[in-house]
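Chemist: Below is one structure. I have some questions about it.
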Amino acid sequence: MHAALRDVAAKIDRVIAEDAFPETIQPAFLRDSVRDYPGRGGKRLRPALLIWCCGLLGGDPRRAWGPAAAVEVWHNWTLVHDDIIDRDAVRRGVPTAHCRLRDAVAAEPFRQDGREAERQGMNFAVLCGDLQQAWANHLLARATESGLRAETVAGALRRMQELGGRALISGEALDVALSLRPPQEIDPAEVLEMIRLKTGALLRLAAELGAMVALDDAAPEREETRKLGDFAEACGVAFQLRDDYLGIFGDETKLGKAVGNDLREAKPTVLLLRALTLASPTVRRELLASLHRPASEYTPELLAQVRQWLRECGAAESVAADCLKLAAKARALLNTFPPNGYRDNLLEFTDYLTARER
């Protein structure tokens with residue numbers, strides 16, 4: 001899969017870099033910001049999912065490059081807005097959009113200071129994400145140039161608004177809303193629904209668009225399209241559950257980031273909520289007391305103690321079992337399709353998302 005993924009990433013890099021949509025965006029520093037996240041590269045997992053689902057159904061991947069780039073640019077505008085919501089200063093070791101735009105506002109010719117530069121940087125980052133969303137729509141609308149019927153492209157655009165827009169943004173809103181409530185008052189089912197929308201919906205979109213391109217048919221209820229959407233959604237939920245698991249049990253040298261952040265932020269993960277349900281009253285009080293502490297208090301000893309609690313109460317095993325079940329569901333759906341190289345890639349994609357160590 002890795003060689004095939006690198007090939008997809010290289011092609012998507014070129015499609016995004018060569019697309020003319022951003023060229024007339026003004027002012028210039030906003031244009032540079034619109035190009036920034038999509039141009040940073042990365043694994044390009046969502047485009048690969050789209051391309052491989054297209055190939056699985058016998059479609060011509062050359063027809064799918066525009067839609068695949070559209071999904072990637074769409075993903076990037078959600079990251080820009082997510083970074084604003086989370087007030088993150090860095091993404092993959094590079095300043096986030098609102099921080100770069102803040103610096104642009106603080107420099108010539110604006111020379112804004114302090115809070116005003118911060119505020120205007122946020123404002124411009126919102127506009128940056130809005131423009132990236134328009135760019136994604138533009139890329140998908142151009143798919144008629146590769147020979148797809150106008151009806152198919154119109155249906156694909158509608159599906160992007162339904163899944164990438166309504167569902168994904170609802171998931172983000174639920175994530176924010178859940179963060180405002182005490183963890184002990186949240187049902188794990190609420191978090192699973194948030195994950196299905198926030199993470200699963202965009203993977204479902206990528207898989208469905210791949211099927212639509214292959215079949216030149218935008219009906220999401222078509223059996224092949226529905227099955228691939230269900231497959232991708234299962235992968236997305238498993239991916240996030242695994243991510244939350246690694247956030248406590250992962251190896252920092254493999255992850256490239258500190259573990260334990262979810263405790264500091266009191267993030268209501270399924271892992272934490274299951275533990276609050278399964279643990280004894282004493283351990284439950286200790287777990288709640290471990291949240292929202294100053295960073296200096298999150299010692300290796302405290303993290304080791306939390307890990308022990310999560311294991312002993314059965315929460316860690318429960319979440320790991322959920323990942324395995326979702327992975328099995330995803331593989332079973334894929335195995336209803338005839339074998340080919342694209343199916344092999346998708347099976348490896350499933351393993352990567354649901355059993356990764358980094």
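The values are calculated or read from the model by the stated rules, or taken from the named source; none is laboratory data. The shown structure was predicted, so the numbers you read here are calculated from the model rather than taken from an experiment. Note that each Cβ is placed from the backbone with ideal geometry, even for glycine, and that neighbours are counted across all protein chains shown. Heavy atoms of the whole protein, side chains included, go into the accessibility calculation; ligands, DNA and RNA do not. Shrake-Rupley method; radii C 1.70, N 1.55, O 1.52, S 1.80 Å.
Chemist: Going by amide H atoms built from the backbone, whose H comes under 5 Å of the H on CYS313, apart from near neighbours?
Modeler: For CYS313, whose amide H was placed from the backbone, there are no distant partners under 5 Å.
Chemist: Under a Cβ-only charge scheme (Lys and Arg +1, Asp and Glu -1), can you give me the dipole magnitude of segment 212-289 about the Cα centre, in debye to the nearest 20?
Modeler: Taking the Cα centre of segment 212-289 as origin, the dipole is about 560 debye.
Chemist: I've got another one for you. For the chain, what is the accessible area per residue in Å², given a 1.4 Å probe and the full set of protein chains? All intermediate terms of the calculation are to be shown ahead of the outcome.
Modeler: Details: 16290 Å² over 358 residues.
I get 46 Å² per residue for this part.
Chemist: State the percentage of accessible surface on the chain attributable to carbon and sulfur atoms; use a 1.4 Å probe and exclude ligands, DNA and RNA.
Modeler: 51
Chemist: Something else: Along the Cα→Cβ direction, 7 angstrom out, place labels at MET1 and ALA141. What is the inter-label distance in nm?
Modeler: Those two pseudo-labels are separated by 3.5 nm.
Chemist: If you don't mind, there's one more thing I want to ask. Residue-wise, which Karplus ³J(HN,Hα) couplings in Hz belong to segment 231-241, taking 6.51 cos²θ - 1.76 cosθ + 1.60, θ = phi - 60°, and x for glycine or proline?
Modeler: With the stated coefficients, segment 231-241 comes to 4, 5, 5, 4, 4, x, 5, 4, 4, 6, 4 Hz.
Chemist: If you don't mind, there's one more thing I want to ask. Can you list the trypsin sites (Lys or Arg not before Pro) in segment 316-356 that are in a DSSP coil and have 15 or fewer other beta carbons within 10 angstrom?
Modeler: ARG356
Chemist: Moving to a separate point now. Among PRO109, ALA211, ALA328, whose Cα sits farthest toward the positive end of the charge dipole of the chain (+1 at Cβ of Lys/Arg, -1 at Cβ of Asp/Glu, about the Cα centre)?
Modeler: ALA328
Chemist: Can you list the HN-Hα couplings for segment 27-33, worked out from phi with the Karplus curve (6.51, -1.76, 1.60; θ = phi - 60°), rounded to whole Hz and with x for Gly and Pro?
Modeler: Once θ is set to phi - 60°, the couplings for segment 27-33 become x, 4, 5, 6, 4, 4, 5 Hz.
Chemist: Further, regarding this structure: Answer rounded, prolate or oblate for the chain, using the Cα gyration tensor with square roots of eigenvalues a ≥ b ≥ c: rounded when a/c is under 1.5, else prolate when a/b is larger than b/c, else oblate.
Modeler: Numbers: a/c = 2.08, a/b = 1.18, b/c = 1.76.
Taking the square roots of the gyration eigenvalues as a ≥ b ≥ c, the chain is oblate.
Chemist: Any idea which of GLN26, ALA9, LEU57 is furthest toward the positive side of the dipole for segment 9-66, if Lys and Arg beta-carbons carry +1 and Asp and Glu beta-carbons -1?
Modeler: Working it through, the farthest residue towards the positive pole turns out to be LEU57.
Chemist: For the pairs LYS267/LYS325; LYS227/LYS254; LYS43/LYS267; LYS198/LYS227; LYS11/LYS267, note any where the Cα-Cα span goes beyond 28 Å.
Modeler: Listed pairs above 28 Å: LYS227/LYS254; LYS11/LYS267.
Chemist: A further question follows. For ALA177 and ARG62, what does the FRET efficiency come to when R0 = 41 Å and r is the distance between their Cβ atoms, rounded to the nearest 0.05?
Modeler: The pair ALA177/ARG62 has a calculated efficiency of 0.45.
Chemist: So for the pair ASN335, SER296, with labels modelled 7 Å out along Cα→Cβ, what separation do we get in nm?
Modeler: According to this spin-label approximation, the distance is 5.5 nm.
Chemist: Same structure again: Using the Karplus curve 6.51 cos²θ - 1.76 cosθ + 1.60 with θ = phi - 60°, work out ³J(HN,Hα) for each residue of segment 129-142 in order, rounded to whole Hz, and write x for Gly and Pro.
Modeler: Ordered by residue, 3J(HN,Hα) equals x, 4, 5, 5, 5, 4, 4, 4, 4, 5, 4, 6, 4, 6 Hz.
Chemist: To continue, here is another question. Quickly estimate the mean residue ellipticity at 222 nm for the chain, helices only: each DSSP H run with n ≥ 4 gives -39500 (n - 2.57), and the total goes over all residues, rounded to 500.
Modeler: The helix-only estimate for the chain comes to -22000 deg cm²/dmol at 222 nm.
Chemist: Placing +1 at every Lys and Arg Cβ and -1 at every Asp and Glu Cβ, with all other atoms neutral, what dipole size does the chain have around its Cα centre, in debye to the nearest 20? Could the numbers behind the result be given before it?
Modeler: On the way: 48 positive and 52 negative charges, 61 e Å.
Here the chain has a charge dipole of around 300 debye.
Chemist: Rg(Cα) of segment 37-94 divided by 2.2 N^0.38 Å?
Modeler: After normalising by residue count via 2.2 N^0.38 Å, the value is 1.34.
Chemist: Still on this model: Would you mind checking which residues have amide H under 5 Å from ARG91's amide H? H placed 1.01 Å from N; only 5 or more apart, or other chain.
Modeler: THR96
Chemist: Putting +1 on Lys and Arg Cβ atoms and -1 on Asp and Glu Cβ atoms, find which of ALA201, ALA150, GLY236 reaches farthest to the positive end of the dipole of segment 138-243.
Modeler: Most positive-ward Cα: ALA150.
Chemist: Something else now. Which is the longest run of the chain containing none of the GluC sites (Glu not before Pro) found in DSSP loop states (not H, G, I, E, B) with at most 16 other C-beta atoms within 10 Å?
Modeler: Here the longest run is 1-220.
Chemist: What aspartates and glutamates does LYS329 reach when the alpha-carbon gap must be under 15 Å and sequence neighbours fewer than 8 apart in one chain are set aside?
Modeler: Partners within reach: ASP230, GLU233, GLU348, ASP351.
Chemist: Now, a different point. Please compute the modelled spin-label separation between GLN112 and GLU162, points set 7 Å along Cα→Cβ, answer in nm with one decimal.
Modeler: Roughly 3.9 nm, to one decimal.
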